[in-house]
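Data block below; observations after.
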Amino acid sequence: MIRGVIIMNDQGKPRLVKFYEFQPVEKQQELIRSIYRILCSRAENVSNFVKVDSLCGKDVRLVYKTYATLYVVFIFDNSENELAMLDLMQVFVETMDRCFSNVCELDVVFNFNKMHTILDEIILGGQVLETNSSEIVKAVEEILKSLFRSVCVCVCLLHTQVNINIDCLKLMLTTYVLQVGKTFKFKHSRIINFWLAGSVAAV
Amino acid sequence: MGSQGGFGKSKEFLDLIKSIGESRSKAEEDRIVLREIESLKARLGDPNTSKFKLKEYIIRLVYVEMLGHDASFGYIHAVKMTHDENLHLKRTGYLAVTLFLNEDHDLIILIVNTIQKDLKSDNYLVVCAALNAVCRLINEETIPAVLPRVVELLGHQKEAVRKKAVMALHRFHRRAPGSVSHLIANFRKRLCDNDPGVMGATLCPLFDLIMADVDSFKDMVVSLVNILKQVTERRLPKNYDYHQMPAPFIQIKLLKILAVLGSGDKKASEQIYTILGDIMKKSDSTTNIGNAILYECICCVSSLHPNPKLLEAAADGISKFLKRDSHNLRYLGVGALSRLIKISPEIAEQHQLAVIYCLEDPDDTLKRKTFELLYKMTNSSNVEVIVDRMIDYMISINDGHYKTEIASRCIEVAEQYAPSNQWFIQTMNKVFEHAGDLVNSKVAHSLMRLIAEGFGEDDAAADSQLRSSAVESYLHIMGDPKLPSAFIQVICWVLGEYGTADGKHSATYITGKLCDVAEAHAIDDIVKAYAVTALMKIYSFEIAAGRKVDILPECQSLIEEMLASNSTDLQQRAYELQDITGLDAHAVKNIMPKDSACEDFEIDKNLSFLDDYIRRALENGAQPYIPENGRLGMSDVTHFTSQENHESSFHALRFEAYERPKPAVALNIPPALDPSTEVPVPELSYLADIQQPIPPVPSASNIGSSELKLRLDGIQKKWGRPTYSSPVPSTSSTDIIKNQNKANQPISVGSSNAKASTVSYDSRKQVQEISPEKQKLAASLFGGASKSDGKQSSSSSKVSKPLHRPAEKSRSVTTFDTTIVKPSQPPPDLLDLGEPSFTNTAPSVDPFKQLEGLLDLTPEKPASNAFRAGTTDAPNLMSLFTDMSLNVQGDSLVNSISNMIDKNGLGGNTGAPSTPQTNKGPNLKAALEKDAFVRHMGVMPSGQDPNLFKDLLS
């Protein structure tokens, strides 16, 4: 099973930490620190696998990969195939890339709850749940769409309360929705228009 | 907005992250985070905070905890947020809760109710969020509260929900295997799910289930092979391809499962051979994932019943790996080699160079993996090279954990295959010198025993040569001030025991060395104790040999220092030493016989040597001993003792005054029959001389004579052991002396020595017989022509470049061929099974129809019952499932199941083990109890749950 996923930057600052068995905060910090130490000491062009049984128990290994300024680390035991884990990591990063379009460290920092959403679609309870990048993106977008919808409704309600001119409101809403739509890269403008119509109708 | 904006995040949050990102030191970061915590505390407590603000605060809280600060003050807000109607708040709440809480946290009980409600939600996203939380937060006690609903969700129309429900059940299985053991049929059913994602997810729990109980899943081999075949034939939707490989992750999981199922089972293995061969032929070694599959195939081959063709293909694959430049692939190659080497030793030979190359690689991971391989292929002909390498590496690394591991491996291998005594001692010296404090203390003891017993050969000359070489090397080495304590202990012991045995070194020289050691390790009491005992041995050997002992002045001062030591143990030993030096040769010979370290002590717990004494005492009119429980009506004294016993067992203070035992009655107890006299009295006449002025037998009459003393005894006994007589302060010391005293030994020295050595010889022989395979393999690897009894080969024959020697390939190959089974014929029907599969049907199925079908299924009880019936008497259930994977939806399900059961009835009951049912016996009860417990806690709303009971009881 997969024991945990850590993303940290090249200075050892954690950007995403998820353990599939509960670890107290102090233990987490210690693990992050010692893993960072190990990763730092490794030369370039060596294998991506490290045995960490001194940190996490018998037969536990980690696979890591550097993406720009980020280390992505998967910790797992001997029931997983190392090379496959490396590719699962690739799936994870590809998915991030599709969700954020050219993912960079800042995306990870500022959207780390979205990162958790993505990760939850790939790994659940330490087991690989889904390995199909487009399925994952679809699932994540489903969730975000519903967020979007709820925000639209919210904005409408807010504006009705302050009693602005209805045209002004429509204008605001349109810009807002378009902006949001762009942020989340909805491929079908149809959906956006549909919600827009719905929200305006609600007003 | 933009990527930096995130969604719904305020400027504050951005500022926080920025300032943390820019902070230059840990202290500065901590200051910022602490300020953040303060502000969060204030705002979370504010009832006027809006919900969306609250969401952001929770996210900030998660962030704060990720940086390693305590955020427990906000846990309750996260829990509250899970109750919210809004999906996003709810999701954030669940996310925070899964990250914050462990499954035994007190707040979990507040969440279980929400989870139950959310699992019933119409919005499948809510259900998914709840299932995510279930996977992380539900513990053994709360499983029954959500179990029925999760089982229902297995039939949800959304594949995302089905997938997560499977995972949740898997999690339950890991937490408490009993809780879902009645649901194994459900897992099997999900394997035939329309959605490849759900099928892939189901492989995870199946893998665990099969690991736990291989035999009851043997029937699945055919259907799993079938699935694998379909996957490799690209029957899955295109978007499951990854780098042009069809669903590689599912392939890998399937191969793992097949490896478990086929391991050691010829019949199952034969079913797997064909597909395995196909995959390996097709494997694409240009991509990472292709190599991952190839590696998994090799692992699978190595665990199946051996098949020459596949082994050849696997060897090819390994050489592909090892030839590559990529460290990852070479790492896998070495890993695969160490797996395959067990069944096919000769393949190592062609990779010798590659292995050595890996060994010299700067990459630590690769090096360690290679050492693992070497460890597995060590034998008597290559042990010297391998152990040398291991020790060199051990010296070069700093990682304590790995150092320990490699040290213990060195020792294990060296013990098993040591070619000569000399070499063994030297190896041990090196290991102890560099990792002595890291290795298990048992190892030190086994080293001592080994030196004492010799290598098991019957000739005593070899043994004494071993000992004197050990002594020589130790005398040489012991000046080093940095030696670890465990090693010093061994040295002291060996010097004490054998330092003067061969007559090369004078007692004065050895004792001087020992004193130096004791002084150099002035703070280490254990070393000092070893040193003093060694001194005692040497002096007593000298006395016994009739020589005059002149104690060196530094020894004298050492002994005096120890006589006043704080440690009672050291003091004890020093006193013993002092007393022994004052005895005559005969007595010393009895106390400290020479070369007796490996004799067994026989402790006569019945004290049968006292029988004679007792008989005489009885003849002289003493009263017989009455056991404690037989003394009930006797007197106040017994009352007194029993009360004492009673009280001390409760460790309670007694407040009333102690009653006075009557001296007259106490006098009635004959001294020899006192229950606490465990000291062997009659034969220890000389002991009385050695010992400090302690009366050897504490007699009850003494106690009786003085009332004051008696009362003191009583008080003492309140805290001590519940015995009647006064304690014998010197029991332990007498024991020590007694142990060293060989005069009491019933076995004579010579015979016992011989016996011990033959026993060890036998065991050694056994060890060698276990590993002929290993030996053969390494002979071919390192080209050593030495036979399995190569132990005698001297270290001078060490081969400098052993790898290039021609190996005994032909011999090993022929033996291999004879043992190996013929290549199996591919099962002919396998190819015919590619009938319309679930993958093809997936798009064509009308989702609404599917939904209807699933809704029809919701009464879970009949279905699961039918399945259970199926599993108990239909071992090939799974094959039937795959056959009808098309039909297994909608209302035709129950029909088809009953059909299947009929078929099985006709086919005859093969007497399959009814494990599911036997498992259920105790589980039913446990589950009911748990359920009751949960109800009691009010976690579970009534209404839906009778399902659980029905399911369990029927």
Report task. Express the carbon and sulfur contribution to the solvent-accessible surface of segment B:366-447 as a percent, rounded to the nearest whole number, probe 1.4 angstrom. Result -> 45 percent
Report task. Could you sort out which of A:58/B:309; A:114/B:11; B:120/B:238; A:114/B:41; A:27/A:138 sit more than 26 Å apart by Cα distance in this structure? Result -> A:58/B:309; B:120/B:238; A:27/A:138
Requested in this report: Would you mind classifying segment B:180-286 by shape? Square roots of the alpha carbon gyration tensor eigenvalues, ordered a ≥ b ≥ c; an a/c under 1.5 is rounded, otherwise it is prolate if a/b is larger than b/c and oblate if not.
Outcome: oblate
Report task. Assign unit charges at the C-beta atoms only (+1 for Lys and Arg, -1 for Asp and Glu), then state the dipole size of segment B:200-329 relative to its Cα centre in Debye, rounded to the nearest 20. Result -> 320 debye
Report summary line: Neighbours of residue A:115 by Cβ distance under 10 Å: Lys/Arg at +1, Asp/Glu at -1, summed charge +1
Query raised in the report: Among rounded, prolate and oblate, which fits segment B:439-584 when a ≥ b ≥ c are the square roots of the eigenvalues of its C-alpha gyration tensor, a/c under 1.5 means rounded, and a/b larger than b/c means prolate?
Result: oblate
Query raised in the report: At a probe size of 1.4 Å, how large is the accessible area of residue B:174, to the nearest 10 Å²?
Result: 100 Å²
Requested in this report: Leaving out ligands, DNA and RNA, calculate the buried accessible area for the pair B and A with a 1.4 Å probe, summed over both sides, in Å² to the nearest 100.
Outcome: 6400 Å²
**Report entry** Cut-off under 5 Å, modelled amide H: who pairs with residue B:552 long-range
**Finding:** none
Report summary line: Simple spin-label estimate for residue A:42/residue B:376, 7 Å along Cα→Cβ, in nm, reads 2.1 nm
Query raised in the report: Simple spin-label model, 7 Å along Cα-to-Cβ: residue B:566 to residue B:554 in nm?
Result: 2.5 nm
**Report entry** Residues in segment B:348-381 that, when all protein chains are in place, have 40 Å² or more less accessible area than the chain alone would give (probe 1.4 Å)
**Finding:** B:363, B:365
Report task. Counting other Cβ atoms within 10 Å, keep those with at most 11, restrict to DSSP loop, and tell me which trypsin sites (Lys or Arg not before Pro) in segment A:1-64 are left. Result -> A:58
Query raised in the report: Using +1 on the beta carbon of Lys and Arg, -1 on that of Asp and Glu, and nothing else charged, what's the dipole of segment B:469-520 about the Cα centre, debye to 20?
Result: 40 debye
Query raised in the report: Hey, any idea what % of segment B:478-635's accessible area is carbon plus sulfur with a 1.4 Å probe?
Result: 52 percent
**Report entry** Accessible surface, segment B:408-484, averaged per residue in Å² (probe 1.4 Å)
**Finding:** 41 Å²
Report summary line: Of every hundred units of 1.4 Å-probe accessible area on segment B:87-211, the number belonging to carbon and sulfur atoms, as a percent, is 47 percent
Requested in this report: List the residues of segment B:125-172 whose accessible area drops by at least 40 Å² when all protein chains are present, compared with their chain alone, using a 1.4 Å probe and counting only protein heavy atoms.
Outcome: B:125, B:132, B:136, B:163, B:164, B:167, B:171
Query raised in the report: What is the sum of charges around residue B:217, taking Lys and Arg as +1, Asp and Glu as -1, for the other residues whose C-beta is under 15 Å from the C-beta of residue B:217?
Result: +2
Requested in this report: Give, as a single signed number, the net charge of other residues whose beta carbon lies under 13 Å from the beta carbon of residue B:325, with Lys and Arg counted +1 and Asp and Glu -1.
Outcome: +2
Report summary line: Each residue of B:202-212 has, on average, a number of other protein chain C-beta atoms within 10 Å of its C-beta equal to 2
Query - Per residue value of the accessible surface for segment B:90-231 (all protein chains in place, 1.4 Å probe), Å² - result: 24 Å²
**Report entry** Placed amide H near residue A:67: partners under 5 Å, 5+ positions off or other chain
**Finding:** A:72
Requested in this report: With only Lys, Arg, Asp and Glu charged, each at its Cβ (+1 for the first two, -1 for the last two), find how big the charge dipole of segment B:506-587 is about the Cα centre; round to the nearest 20 debye.
Outcome: 280 debye
Query raised in the report: Once you average over the residues of A:104-113, how many Cβ atoms of partner chains fall within 10 Å of each Cβ?
Result: 6
Query raised in the report: Any idea which of B:591, B:566, B:493 is furthest toward the positive side of the dipole for segment B:472-598, if Lys and Arg beta-carbons carry +1 and Asp and Glu beta-carbons -1?
Result: B:591
Query raised in the report: Hey, how many Å between the Cα centroid of segment B:558-596 and the Cα centroid of segment B:460-503?
Result: 21 Å
Report summary line: Output ordering of B:562-575, B:507-520 (per-residue mean of other Cβ within 10 Å, highest first) is B:507-520, B:562-575
Report summary line: Interface call, segment B:299-330: threshold 20 Å², probe 1.4 Å, accessible heavy-atom surface of protein chains, chain by itself vs complex, result B:327, B:328
Report task. Report, as an integer, the average count of C-beta atoms from other chains found within 10 Å of each Cβ along A:130-141. Result -> 5
Report summary line: In whole Hz, the Karplus estimates of ³J(HN,Hα) for segment B:379-393 (6.51, -1.76, 1.60; θ = phi - 60°; x where Gly or Pro) are 8, 5, 8, 10, 4, 5, 4, 5, 5, 4, 4, 4, 5, 4, 5
Report summary line: The farthest towards the positive end of the charge dipole of segment B:66-108, of the residues B:92, B:102, B:74, given +1 on Cβ of Lys and Arg and -1 on Cβ of Asp and Glu, is B:92
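The values are calculated or read from the model by the stated rules, or taken from the named source; none is laboratory data. Quick caveat: nothing in here was measured; it's all calculated off a predicted structure. Heads up, the Cβs are rebuilt from the backbone with ideal geometry, glycines too, and the neighbour counts pull from every protein chain shown. Just so you know, the surface numbers come from the protein's heavy atoms only, side chains and all, with ligands and any DNA or RNA stripped out. Shrake-Rupley method; radii C 1.70, N 1.55, O 1.52, S 1.80 Å.
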